[in-house]
Amino acid sequence: MSDLAILGGNAVRTHPFPQWPRHVPGDRARLETVLESTNWGGYPFPNQLANDFAGAFAAYHGAKYGCCVANGTIALVVALQAAGIKFGDEVIVPAYTWDGTAAAVLFAGGIPVFADIDSDTYCLDVESARRAITTRTRAIIPVHLAMRFADMDALLELAAEHNLAVIEDCAHVHGGEYKGRGAGSMGDLGAFSFQSSKIMTAGEGGIVITSRLDAFELVQSIVNCGRASVTDQYKRRVIGSNYRITEFQAAILLGQLEQLPELAARRVRNAAILSRRLAQIAGVYPPAPQPALTREAIYNYVFRFRDSEVSRDLFVAALDREGIPCDGRFYEPVYRSDLFRVNPDDFPQLKAGRSQPVHYNDCRCAVTERAAYEEAVWLPQFLLLGEEQDVEDIAGAVGKVMTHLDELAAADPQLVGVKSMSRAERPRVETHRNY
Ligand SMILES: Cc1ncc(COP(=O)(O)O)c(C=O)c1O
């Protein structure tokens, strides 16, 4: 019998990794205070805790203003609207991201145009973004992910050259800094998610940050049914919606911000150990260093796997069975994703003023496809919240699978199971998720 757990052997890790989410002691009292108060959130806007949190969060990232919203997708929609995106405007997004980044563009009336990623950072490639610019382009959404930032200096320069708005999708980088500048503070607006897997969470939630008062006023009106912002210096009146957050969520988020520095430091420390350990294992590659990173944020630890005989998906399936929660198809190229089946009849901006509707069948982003289908291995952040022994288990399991690749190459390919399925399809067959 093989040593590999996927082939009947014993798993390297049999006890669970640290739990996520986690809360701080002060949350309970804050939640009780909200519960006993008559103010559970929503209108009147802004509420006290939501306001306190938004201000503190924006300041932590070096932005002047923050406004909480219902979730990260809505944060992007609102940011796009506040940046002036209108029906039919093109917005450049990286092909390697959560489908919601591109869906938000559609919801805002725009047309997502996909660009490829940089092979070192897995974030938007500046030259690919440059090639995607047309006369209809109005904005770029860099998505900072895989423990790295998009090359913001070059992107901001490109945007300035073409008069484009920049909206940073910061769903993976709460607290991160690039050359001393906080995530979300470099572009016109930054959008964050507080969905339950994120490194700050209230179960759901989101925030838009900006240093532009005109944009901040618009954001406040858009999320609050069009009501005037608190300052109302620009006197803009818009049709808004209800995208508000509750005081219960804000009560939790204050605690999340409080614990962020300590948890981030722990992840960074463990990630550094893991990178050193992985660098010693042939066939896997820790992420290349990014000198511009001045404060790391780790939502997933992402490394590369390369082998000519065994697929990345089978490697991931084997690693998972060793007791290390992980994924390969965490993201697919959005233009090929089952969660992004775009019908131009549903989004008329894809047809208006064009002889042929925009479609995504011909999109090809080679680096994204390689990352998504061949090489990227995503480890959830909570694996790095514990002790050094956890990291040893991860590296030990990776090393074990790598030394048995010949057995995997000869194994039944069906063993790959859900790891070769898109995330859209998995809920049908998964009875539980280990992360
Ligand atoms: C890169 C990225 N953008 C946007 C979102 C959307 O956030 P939410 O799930 O809170 O709507 C997510 C989160 O899933 C994300 O990972």
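The values are calculated or read from the model by the stated rules, or taken from the named source; none is laboratory data. Just so it is clear, the model here is predicted, and its values are computed rather than measured. So basically every Cβ, Gly included, is an ideal-geometry build from the backbone, and we count neighbours across all protein chains shown. Calculation scope for accessible area: heavy atoms of the full protein, side chains included, ligands and nucleic acids excluded. Shrake-Rupley method; radii C 1.70, N 1.55, O 1.52, S 1.80 Å.
When you check Tyr335 against the structure, is it touching a residue at least 40 places away in the same chain (Cβ under 8 Å), in a helix (DSSP H, G or I) and open to solvent by 10 Å² or more (accessible area, probe 1.4 Å), yes or no? Lay out the reasoning, then the answer.
Values: touching a residue at least 40 places away in the same chain (Cβ under 8 Å): yes; in a helix (DSSP H, G or I): yes; open to solvent by 10 Å² or more (accessible area, probe 1.4 Å): yes.
Yes.
The set of residues in region 236-253 that are assigned to a loop (DSSP other than H, G, I, E, B) and farther than 9 Å from Ala70 by Cβ comprises Arg236, Arg237, Val238, Ile239, Gly240, Ser241.
What are the residues in region 194-215 that are open to solvent by 10 Å² or more (accessible area, probe 1.4 Å) and either touching a helix residue (DSSP H, G or I) at 6+ places or on another chain (Cβ under 9 Å) or within 21 Å of Val268 (Cβ to Cβ) (or both), if any? First the steps, then the outcome.
First, the residues of region 194-215 that are open to solvent by 10 Å² or more (accessible area, probe 1.4 Å): 195-198, 202-204, 211-214.
Once the filter is applied, which keeps residues that are open to solvent by 10 Å² or more (accessible area, probe 1.4 Å) and either touching a helix residue (DSSP H, G or I) at 6+ places or on another chain (Cβ under 9 Å) or within 21 Å of Val268 (Cβ to Cβ) (or both), region 194-215 yields Gln195, Ser197, Lys198, Ala202, Gly203, Glu204, Ser211, Arg212, Asp214.
Each residue in region 269-286 was checked for being surrounded by fewer than 16 Cβ atoms within 10 Å (Cβ to Cβ) and part of a helix (DSSP H, G or I), and 3 of them qualify.
Take the conditions away from the ligand (no atom under 16 Å from the Cβ), farther than 24 Å from Cys365 by Cβ and open to solvent by 20 Å² or more (accessible area, probe 1.4 Å) and apply them to Glu177. Does it pass? Quick ask: steps written out before the conclusion?
Numbers: away from the ligand (no atom under 16 Å from the Cβ): yes; farther than 24 Å from Cys365 by Cβ: yes; open to solvent by 20 Å² or more (accessible area, probe 1.4 Å): yes.
Criteria met by Glu177.
Could you check, for region 42-58, whether at least one of its residues is under 30 Å from Gln414 (Cβ atoms), at pLDDT 95 or above and of a type in the set (A, V, I, L, M)? Please lay out each step first, then the result.
Quick first cut of region 42-58, residues under 30 Å from Gln414 (Cβ atoms) only: none.
No, region 42-58 contains no residue that is under 30 Å from Gln414 (Cβ atoms), at pLDDT 95 or above and of a type in the set (A, V, I, L, M).
Looking at Phe216, is it closer than 24 Å to Val93 by Cα and either within 14 Å of the ligand (Cβ to nearest atom) or touching a Leu at 6+ places or on another chain (Cβ under 7 Å) (or both)? It is false that Phe216 is closer than 24 Å to Val93 by Cα and either within 14 Å of the ligand (Cβ to nearest atom) or touching a Leu at 6+ places or on another chain (Cβ under 7 Å) (or both).
Please specify each residue of region 119-134 satisfying the condition of being acidic (Asp, Glu) and assigned to a loop (DSSP other than H, G, I, E, B).
Taking region 119-134 as the starting set, the residues that turn out to be acidic (Asp, Glu) are 120, 125, 127.
If the condition is that a residue be acidic (Asp, Glu) and assigned to a loop (DSSP other than H, G, I, E, B), then Asp120, Asp125 are the ones that fit.
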